[in-house]
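Taking it in order: structure first as structure tokens, then the write-up.
The values are calculated or read from the model by the stated rules, or taken from the named source; none is laboratory data. Treat the numbers as computed from the prediction; the structure is a model and nothing was measured. We place every Cβ from the backbone using ideal geometry, glycine too, and count neighbours over all the protein chains shown.
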């Protein structure tokens, strides 16, 4: 294939991928990052959460892959399991035809062996699991020409430095290094070995329409005040942030007491439970996520109407990352700070000088009502060649429901999750459970 033919082929693939993501045009950050990557330069990309950094580096990197090579060509290191899964899903949705796999803690080592028996062109993983696989497995690393450290500062922050050093020392022929972060102050570690990197900084140029409001309360415990704030906010999607698990547990018990539906998300939860919480949050089964700073970045969640800081984090960076979950991509959003009147105001909030509202001034309505969605679990996924259309077809034909009663369908390797209207969920399960989907007999249940 000559240069002109390759450019036409790349353009065709690019347009096809953008159509799948319902994108008509890349944003300025993505265009600038693409040009830099295509020049084979090392790059540090700084851009707020939700601005499309994943596509910014994946789109040009897909063009560099050799379709005739059955070895790992791109390695992407990430700080969390959720981000590894998210990037894997994005690559699969792109439909480039290249094999991709993600490995991470909490996942079976035997499953890693099975998936990596035939090497993926793109390998994604947390530093701990990648380092472990590199020690145990005997496949060539000579063909890894590109190394991506996505949210690199977060990986360092949670203690992956030694693993990252070990991994980089085992990669003899890396030609391009790409680092991304949502933090302007992120310090570049020397061990990465950047060679005259191009810095692309879009954090300063974010057109976020974020409004920050401090709600002053006489209640030191703040639980009753939280209930009043939720009545004021009403039925909107958002995250309530706590600093520690024990604090989160107290808030969780209170929300149960006042009968508000929510999902928890914190580091001590099993991976499968964290995954289910995000799925239910994404598909609208729950509109509230009660979380620690683990949910502040690196997660694939929809646009949110608000963030509520039940307790402020110690540092400004964490505050910024939490707020980055709302008011994304030029959308509007509100960050509420629940603050006890007699408590000292932290310096970074004093600098912002947000609007202050007394809790008594809030005009409260009803608590957030349950959503109309319920999540179904199906014991079949991509590995069984099951598609979203197959699932929708089964539910419409055999389940005898309407198309509009089916919501978000998420396919995973060995299972699937589907949002459906709550009022038909039980009958739908009764009509479709223990039936064949493609060639596999599947179990379907409510989670």
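Here is a check on your reading of the model: is residue 32 modelled with pLDDT of 80 or more, assigned by TED's automatic domain parsing to the domain that holds residue 179 and on the phi > 0 side of the Ramachandran plot? Spelling it out, it is not the case that residue 32 is modelled with pLDDT of 80 or more, assigned by TED's automatic domain parsing to the domain that holds residue 179 and on the phi > 0 side of the Ramachandran plot. Please work out if residue 185 is more than 20 Å from the chain's Cα centre (by Cα), modelled with pLDDT of 95 or more and outside the structural domain of residue 273 (by TED's automatic domain parsing). Spelling it out, it is not the case that residue 185 is more than 20 Å from the chain's Cα centre (by Cα), modelled with pLDDT of 95 or more and outside the structural domain of residue 273 (by TED's automatic domain parsing).
I need the full set of residues from the range 249-265 which are touching a residue at least 24 places away in the same chain (Cβ under 8 Å) and more than 23 Å from the chain's Cα centre (by Cα), in order please. Outline the logic, then answer.
Filtering the range 249-265 down to residues touching a residue at least 24 places away in the same chain (Cβ under 8 Å) leaves 250-252, 254-255, 258-265.
Of everything in the range 249-265, those that are touching a residue at least 24 places away in the same chain (Cβ under 8 Å) and more than 23 Å from the chain's Cα centre (by Cα) turn out to be 250, 251, 254, 255, 258, 259, 260.
Among (1) more than 30 Å from residue 215 (Cα to Cα); (2) touching a helix residue (DSSP H, G or I) at 6+ places or on another chain (Cβ under 7 Å); (3) crowded, with 18+ Cβ neighbours inside 10 Å, which single condition is residue 368 missing? Among (1) more than 30 Å from residue 215 (Cα to Cα); (2) touching a helix residue (DSSP H, G or I) at 6+ places or on another chain (Cβ under 7 Å); (3) crowded, with 18+ Cβ neighbours inside 10 Å, residue 368 violates only (1). Out of all the residues in the range 128-141, is one or more in contact (Cβ under 8 Å) with a residue 60 or more places away in the chain, in contact with a strand residue (DSSP E or B) (Cβ under 9 Å, 6 or more places away or on another chain) and assigned by TED's automatic domain parsing to the domain that holds residue 90? Yes: one or more hits. Can we say residue 119 is surrounded by fewer than 21 Cβ atoms within 10 Å (Cβ to Cβ), in contact (Cβ under 8 Å) with a residue 40 or more places away in the chain, out of contact with any strand residue (DSSP E or B) (no Cβ under 8 Å at 6 or more places or on another chain) and assigned by TED's automatic domain parsing to the domain that holds residue 82? Criteria met by residue 119.
Restrict the check to the range 154-174 and report whether at least one residue is in a strand (DSSP E or B) and more than 30 Å from residue 233 (Cβ to Cβ). No, the range 154-174 contains no residue that is in a strand (DSSP E or B) and more than 30 Å from residue 233 (Cβ to Cβ).
As a summary of the residue check, residue 65 satisfies the conditions (1) over 23 Å from residue 158 (Cβ atoms); (2) assigned to a helix (DSSP H, G or I); (3) in contact with a strand residue (DSSP E or B) (Cβ under 8 Å, 6 or more places away or on another chain) except for the one numbered (2). When the residues of the range 419-447 are filtered to those that are in contact (Cβ under 8 Å) with a residue 60 or more places away in the chain and crowded, with 16+ Cβ neighbours inside 10 Å, which remaining residue is nearest to residue 402 (Cα to Cα)? Checking each candidate, the answer is 419. Only residues that are out of contact with any helix residue (DSSP H, G or I) (no Cβ under 6 Å at 6 or more places or on another chain) and either under 19 Å from residue 194 (Cα atoms) or outside the structural domain of residue 26 (by TED's automatic domain parsing) (or both) were counted across the range 39-52, and they come to 6. Residue 254 falls short on exactly one of the conditions (1) at pLDDT below 90; (2) part of a helix (DSSP H, G or I); (3) in contact with a helix residue (DSSP H, G or I) (Cβ under 8 Å, 6 or more places away or on another chain), and that condition is (1). For the range 204-222, taking the residues that are within 24 Å of the chain's Cα centre (by Cα), assigned to a loop (DSSP other than H, G, I, E, B) and surrounded by 17 or more Cβ atoms within 10 Å (Cβ to Cβ), the one that is modelled with the highest pLDDT is identified as 208. Residue under question is residue 316, and the condition is that it be over 30 Å from residue 186 (Cβ atoms) and under 23 Å from the mean Cα position of the chain (by Cα); does it hold? Judged against the criteria, residue 316 is not a match. Condition check for residue 147 on (1) under 11 Å from residue 77 (Cβ atoms); (2) part of a helix (DSSP H, G or I): one failure, at (2).
Only one of 301, 401, 396 is farther than 15 Å from residue 229 by Cβ, over 21 Å from the mean Cα position of the chain (by Cα) and in contact (Cβ under 8 Å) with a residue 12 or more places away in the chain; which?
On the way: 301 fails: over 21 Å from the mean Cα position of the chain (by Cα); 396 fails: in contact (Cβ under 8 Å) with a residue 12 or more places away in the chain.
Result of the check over 301, 401, 396: 401.
Cβ separations smaller than 6 Å between residues 6+ apart or across chains give the following pairs from the range 326-351 residues that are more than 14 Å from residue 241 (Cα to Cα) to residues that are in a strand (DSSP E or B) and at pLDDT below 90: 327/209; 327/210; 327/333; 332/209; 333/210; 333/326. None of 286, 225, 252 is farther than 22 Å from residue 212 by Cβ and buried (at least 21 other Cβ atoms within 10 Å of the Cβ) except 286. Out of the residues in the range 175-184 that are in contact with a helix residue (DSSP H, G or I) (Cβ under 7 Å, 6 or more places away or on another chain) and not in a strand (DSSP E or B), which is nearest to residue 51 (Cα to Cα)? The selected residue is 182.
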